[in-house]
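Structure record follows, encoded as structure tokens.
FYI, it's all coordinate maths here, none of it is from the lab. Keep in mind it's a predicted model, so treat the numbers as computed, not measured. All Cβ positions, glycine included, derive from the backbone under ideal geometry; neighbour counts span all protein chains shown.
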Amino acid sequence: MSTLWANLPSEASRDIARLIASGRYKSVDEVLTAATRQLITVEEDEATIEPTSVRLAAQIEWSDGQCCAYCPELDLATAMGSEEEALTDLAEMAVEYAEDYLEDLAFYAKSPNRAEHLPFILAVAECTTDVYDVEGVRKARGLFESKHEAIT
């Protein structure tokens, strides 16, 4: 993936969802290429677009000696023995989810409860889509901001 997707504006993620829904493209690569062209055209036409930094929340709560971490943006949760382990596991889950999402992009992008995940998925995928890529998972872990609060 190109670095263009690291700070994807929300308008671009909606454009990508529309491209997928059109059914005109045969592969994820074709959709991403078309979306990239559209984004570059918009940037050239409007001088500059301020990119948004994509961050993921990690709501932290301790329960029964376990650190529970929940990411509301991707609807992922885990419980581990320490906060660091929980955050690393949450990052690994996000990487696995990104891989699954991008492999079946047409399905997820049309799903009412998963379509809005696309900008977050692209940010994670910019780090890696291989859970065995330790450095990539570490980068994905950096997308998470810990918030010590009750998980609702």
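Here are the numbers for this structure:
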{"quantity": "Cα centre as origin, Lys/Arg/Asp/Glu Cβ charges: segment 56-148 dipole, Debye", "calculated": "300"}
{"quantity": "Partner lysines for residue 147 [C-alpha distance under 23 Å; skip if fewer than 8 residues away on the same chain]", "calculated": "139"}
{"quantity": "Long-range HN-HN contacts of residue 73 with modeled amide H, under 5 Å", "calculated": "57"}
{"quantity": "J(HN,Hα) series, segment 102-113, from Karplus relation 6.51 cos²θ - 1.76 cosθ + 1.60, nearest Hz, glycine and proline x", "calculated": "6, 5, 10, 4, 4, 5, 5, 5, 9, 6, x, 9"}
{"quantity": "Chymotrypsin sites (Phe, Trp or Tyr not before Pro) within segment 71-148: DSSP coil, no more than 11 neighbouring Cβ in 10 Å", "calculated": "132"}
{"quantity": "Pairwise FRET efficiency - residue 110 versus residue 24, Cβ, R0 = 22 Å, nearest 0.05", "calculated": "0.95"}
{"quantity": "Phi-based couplings in Hz for segment 77-87 (Karplus 6.51, -1.76, 1.60; Gly and Pro marked x)", "calculated": "9, 8, 9, 9, x, 9, 5, 4, 5, 5, 5"}
{"quantity": "Label-to-label distance, nm, for residues given as residue 148 and residue 100 (7 Å Cα→Cβ offset)", "calculated": "3.2"}
